[in-house]
Each structure stands twice: as structure tokens, then as C-alpha cells.
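Take a look at the structure set out below.
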Amino acid sequence: MSSLSAFAREPVLENSRFYMGNLATFLVRGRETNGRYALVKGSAKIGNEPPPHFHMGENETWYVLEGELEFFIEGTEESVKVSAGGSVFLPRGFAHSVYYRSSTIQVLLIAQADGEHSVGLDTYFEQVSEPATSMELPKDAVTYVMDDPEHYIQLGIANGTALLSPEEAKQRLPHYPGFGANLQQVDSQS
């Protein structure tokens with residue numbers, strides 16, 4: 001028999017955290033799967049996007065429940081827009097970033113270990129977040145755009161995620177308009 005235990009979990013306050021203006025609900029943690037897999041439900045809004053990054057030892061899948069997202073993925077010529085019902089698979093090592101294109105976003109994030117490493121994405125989220133006080137998005141929260149990135153860079157590396165510098169992002173994601181870009185300005189130039 002496996003050392004793993006079966007369980008069911010609802011998206012409730014007790015397993016939710018505020019993460020850079022977003023709400024992250026931990027449905028399955030890596031420590032509950034011997035480091036092989038994690039599942040996080042994310043709620044977000046425009047302006048709370050993560051900076052460009054890549055995962056060193058895990059694949060990441062985004063399944064969109066609500067809203068539209070625009071992904072910038074290393075090795076692609078153009079951005080990829082995904083809306084409710086769609087998904088994006090991001091293999092380990094592929095630099096990527098995302099813009100939230102709808103006022104409200106609901107996604108499932110699935111992190112799958114590559115076989116050599118354990119998943120670290122859920123641990124990173126836990127370490128850069130605080131316990132949620134409601135199941136609504138926090139108001140006036142500190143986001144990546146507002147805060148000093150050094151703390152997040154160090155925690156990211158410790159958990160298998162490398163945040164890209166602006167120079168690295170330009171090299172690996174040449175079609176990416178930039179972190180914190182004004183999307184209305186970007187759209188008017190397209």
C-alpha cells in the first residue's frame with residue numbers, strides 16, 4: 001500500500017492565503033503527495049501578475065475557470081490568449097509570464113515534479129503569503145510591482161523558481177512588453 005492518504009478538500013478560508021494581491025487556495029499540497037504534485041486554486045485581478053520566471057524542477061499547467069489570460073512563453077513567436085475552459089502547459093525550464101486580461105481571474109494551477117525534484121511552487125506561495133482573512137481578493141495589497149524583488153528572488157530559488165531580470169526577460173521572451181506594462185497602451189500599439 002502507498003504511504004499516501006486519500007482526502008477531499010474544499011476551497012475554504014482555512015487552506016487559503018493572500019499572495020501578492022491574489023487569493024491562493026491550497027487544494028493539494030506537495031507534502032501530501034510525496035512532492036510529486038500540487039494543486040492550487042488562484043483568484044486574481046489585473047495588476048497582480050507575477051514577474052517573468054521559470055521553474056527549475058516542475059512542469060506547470062494553468063486551467064482557466066474564469067476570465068482571459070495572455071501568456072508569453074519562451075520559444076513561441078507570439079503571445080497565447082487563453083479563456084475559461086482552456087489550459088496552458090509550461091514545461092520546466094521554459095521562461096514565461098502572464099497578463100491578466102479580465103477584471104477577475106479564476107484558475108487552477110497544477111505543479112508536477114519532473115521526477116528528479118519535488119514540487120516547490122506551493123511552498124513558495126506559502127512563504128510569500130499570509131493567511132487569508134476572507135475568500136475575497138484583498139484590497140490595497142502589496143504586489144510584485146510595488147515591492148522590492150530581492151526577497152522573492154531568494155525564496156523562488158530556494159523553491160525551484162527563478163525570477164528573470166529585465167535583461168533576461170528581453171532575451172528569453174522578446175515578445176513580452178515588460179513587467180508592469182500598461183496594457184491599454186500595449187493594445188493600442190498592436
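No lab work stands behind these numbers, since they all come straight from the coordinates. Note that this is a predicted model, so its numbers are computed, not measured. All Cβ positions, even for glycine, are placed from backbone atoms using ideal geometry, and neighbour counts span all protein chains on display.
Can you tell me which of (1) part of a loop (DSSP other than H, G, I, E, B); (2) more than 17 Å from the chain's Cα centre (by Cα) is the one residue 170 doesn't meet?
(1)
Count, please, the residues in the stretch 47-106 that happen to be outside any strand (DSSP E or B), over 12 Å from the mean Cα position of the chain (by Cα) and not aliphatic (A, V, I, L, M).
The total comes to 19.
Considering each residue of the stretch 43-77, count those that are among the aliphatic types (A, V, I, L, M), under 18 Å from residue 11 (Cβ atoms) and surrounded by fewer than 18 Cβ atoms within 10 Å (Cβ to Cβ), and give that number.
Result for the stretch 43-77: 1.
Only residues that are part of a strand (DSSP E or B) and surrounded by 14 or more Cβ atoms within 10 Å (Cβ to Cβ): list them for the stretch 107-138, please.
Hits for the stretch 107-138 are 107, 108, 109, 110, 111, 112, 113.
Among the residues of the stretch 31-42, is any under 25 Å from residue 153 (Cβ atoms) and surrounded by fewer than 17 Cβ atoms within 10 Å (Cβ to Cβ)?
Within the stretch 31-42, one or more residues are under 25 Å from residue 153 (Cβ atoms) and surrounded by fewer than 17 Cβ atoms within 10 Å (Cβ to Cβ).
Condition first: touching a strand residue (DSSP E or B) at 6+ places or on another chain (Cβ under 9 Å), touching a residue at least 24 places away in the same chain (Cβ under 8 Å), of a type in the set (D, E, K, R) and under 21 Å from residue 178 (Cβ atoms). Can you find one or more residues in the stretch 83-99 that meet it?
no
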